[in-house]
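Data block below; observations after.
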Amino acid sequence: MNRRWVWLAVLFAAALVAVVVAAYLPSGSGASGPAALVGKTAPSFPVVDLAGKPGALADYRGKIVVLNLWASWCPPCRAEMPDLERLSRAYLSRGVVVLGVDQGEAGVRARDFATSLGITYPVLVDDAQQYGRVYAALGLPTTIVIDAKGVVRSGFDGALTYAQMRAAVEPLVAAT
Amino acid sequence: MIGLFTGCAAIALAVLLEIALPGQPIYQYGWYNALLATAFVICAVRARTLAREGAAPAPALLTLIAGTAALTIAGVANGLFAPAPQVVIGSPGASVRVDDLRGTLAFPLAGTDPVVRLERNGGVTEIGAGGFRIAAAFALSQVPRQVLAVDVTDARGAHLTVTQPNGSAFLSPVLTMPTQQNIAGMLLPFDSFAVPAAHRVVKAVLFDRRHAEMLKAMPPGGTGGAALFSVSDEDDRAIPHGIGLAPDGATIALGGLRLKGLAISYPAVRIAAVPVPIVLALGMLLLLGGAIWCRLRKP
């Protein structure tokens, strides 16, 4: 066997080793929490609204939706809701819907809480916490911005400022 | 020549077994991988001798040995470089990122078709009950487990949010019971959750039917398993009358909460490394091609 064949064999073996070792290397951590859903179709579950009537995220398909998961026991949720109300009023005419989804509580508790804060945007009551699970909430509040086609465009863990809310919806509003 | 074929076939069989029976501890033993490597060296030396003797065309023998080398490298790398097998436990409806797979496992909602979906590189692989699927260099199979779906209301019956600050899904009311607790010599599934609105933390231990029957404190009405709940405050101080055993599906009042637990079977996913399939396929192709070439062509 001449020297050329030896080199070819070494190269062949080296290439195989590189391929197999690379196959076992883990990737860097991808996005976690609600941000991991970016680019995917937003899941929807039938629940009820504050009046006890059926409602779901899917009812708002065709609108830009700011989906906000919250609960009455959550202080940051309470702090954030006035800004969500402000966003709702400012952008409603531009095709943006703020949709609150209470997580795990009785409808009456959610209704009393929303009323006490003067919330006018639609609120759903998800006592089985389906939205929280599927949107990978790491805590409350969690906010997911969904475009008019029903695709998740951004996801946020924790309370947002009004400026952050605007920054999340403005590009979608401008694109429509 | 027969000896060489037998040696190469033995190596191929050993490596193929690593796919047929993935995740066996033996694959990671040093002596096992040393044996594979030694077998290959013996085959390579024998092939060189046969080539010099003119028993078969040298390129044919080289092809045969290249295939065996690919299989050996795939097998040894699986033993030495691949991560140990793991079981990924996800909450119903949750998506769990698995870095080894470079993808995400999407777990089904409870009560729906128990198919876990692996989403990677824009494609979806469905992992159903029974059998296994190969994705990248890993075999994925379902492992059924008992989990506990909890429902919590206050004394007036108003629903309360359940959170799992340390669980795989923060807002899931399904406890995946990832750890075990030793109670009276029995190793039992254990998990905990919080009820922030009531400032309570609840620990839960799941008893299956067999273990529940061993409990003299089992309340009437239980026909299946049971859940032992222990309610404490947010600083982990015990609450008076905060410990109780609830038959599966029954409600129990403890520490100001009304708790109900329902044990359900739910899939987890076992992930075990296998030899890299593309290298394995290449190796088998070269090995078989080389063997046929050796038999068909005389030098």
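The values are calculated or read from the model by the stated rules, or taken from the named source; none is laboratory data. Keep in mind the model is a prediction, meaning the values are calculated, not measured. Positions of Cβ are generated from backbone atoms using ideal geometry, with glycine treated the same way; all protein chains shown enter the neighbour counts.
Numbers for the structure displayed
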{"quantity": "Failed criterion for B:Ser91 (all others in (1) over 28 Å from B:Ile271 (Cβ atoms); (2) among the hydroxyl-bearing types (Ser, Thr, Tyr); (3) in contact (Cβ under 8 Å) with a residue 12 or more places away in the chain hold)", "calculated": "(1)"}
{"quantity": "Odd one out for B:Leu61, checked against (1) more than 12 Å from chain A (Cβ to nearest Cβ); (2) farther than 16 Å from B:Pro275 by Cβ", "calculated": "(1)"}
{"quantity": "Filter pass, A:Val123 being away from chain B (no Cβ under 14 Å) and buried (at least 16 other Cβ atoms within 10 Å of the Cβ)", "calculated": "yes"}
{"quantity": "Residue check for B:Asp100: among the acidic types (Asp, Glu) and within 19 Å of the chain's Cα centre (by Cα)", "calculated": "yes"}
{"quantity": "Residue within region B:158-173 that is in a strand (DSSP E or B), within 13 Å of chain A (Cβ to nearest Cβ), in contact (Cβ under 8 Å) with a residue 60 or more places away in the chain and out of contact with any helix residue (DSSP H, G or I) (no Cβ under 6 Å at 6 or more places or on another chain) present", "calculated": "no"}
{"quantity": "Residue that is within 26 Å of B:Pro165 (Cβ to Cβ), β-branched (Val, Ile, Thr) and out of contact with any Ser or Thr (no Cβ under 7 Å at 6 or more places or on another chain), where the choices are B:Val96, B:Val87, B:Val76", "calculated": "B:Val87"}
{"quantity": "Selection from region B:198-208 of residues that are touching a residue at least 40 places away in the same chain (Cβ under 8 Å) and either closer than 20 Å to A:Ser72 by Cα or part of a strand (DSSP E or B) (or both)", "calculated": "B:Ala198, B:Arg200, B:Val202, B:Ala204, B:Leu206"}
{"quantity": "Total residues in region B:269-299, condition of a type in the set (Gly, Ala, Ser) and out of contact with any helix residue (DSSP H, G or I) (no Cβ under 7 Å at 6 or more places or on another chain)", "calculated": "2"}
{"quantity": "Top-ranked residue in region B:265-280 [being part of a helix (DSSP H, G or I) and farther than 15 Å from B:Thr72 by Cβ; ranked as farthest from the chain's Cα centre (by Cα)]", "calculated": "B:Ile278"}
{"quantity": "Selected residue (criterion: farthest from B:Arg156 (Cα to Cα)) from residues of region A:100-120 that are surrounded by 24 or more Cβ atoms within 10 Å (Cβ to Cβ) and more than 7 Å from chain B (Cβ to nearest Cβ)", "calculated": "A:Gly100"}
{"quantity": "Residue selected from region B:237-253 under the condition without any contact (Cβ under 8 Å) to a residue 40 or more places away in the chain and among the aliphatic types (A, V, I, L, M), by the criterion surrounded by the fewest Cβ atoms within 10 Å (Cβ to Cβ)", "calculated": "B:Ala238"}
{"quantity": "Residues of region A:137-154 satisfying the condition of being surrounded by fewer than 24 Cβ atoms within 10 Å (Cβ to Cβ), within 14 Å of chain B (Cβ to nearest Cβ) and in a strand (DSSP E or B)", "calculated": "A:Val152"}
{"quantity": "Selection count, region B:120-131, where residues are without any contact (Cβ under 8 Å) to a residue 24 or more places away in the chain and in a strand (DSSP E or B)", "calculated": "5"}
{"quantity": "Residue selected from region B:120-134 under the condition crowded, with 16+ Cβ neighbours inside 10 Å and modelled with pLDDT under 90, by the criterion nearest to the other protein chains (Cβ to nearest Cβ)", "calculated": "B:Arg120"}
{"quantity": "Sole residue being surrounded by fewer than 16 Cβ atoms within 10 Å (Cβ to Cβ) and modelled with pLDDT of 95 or more, chosen from B:Ala14, B:Ala34", "calculated": "B:Ala34"}
{"quantity": "B:Arg46 surrounded by 17 or more Cβ atoms within 10 Å (Cβ to Cβ), without any contact (Cβ under 8 Å) to a residue 60 or more places away in the chain and not in a helix (DSSP H, G or I)", "calculated": "no"}
{"quantity": "Exclusive hit being more than 7 Å from chain B (Cβ to nearest Cβ), closer than 20 Å to A:Asp127 by Cβ and surrounded by fewer than 16 Cβ atoms within 10 Å (Cβ to Cβ), set A:Ala22, A:Ala56, A:Ala51, A:Ala18", "calculated": "A:Ala51"}
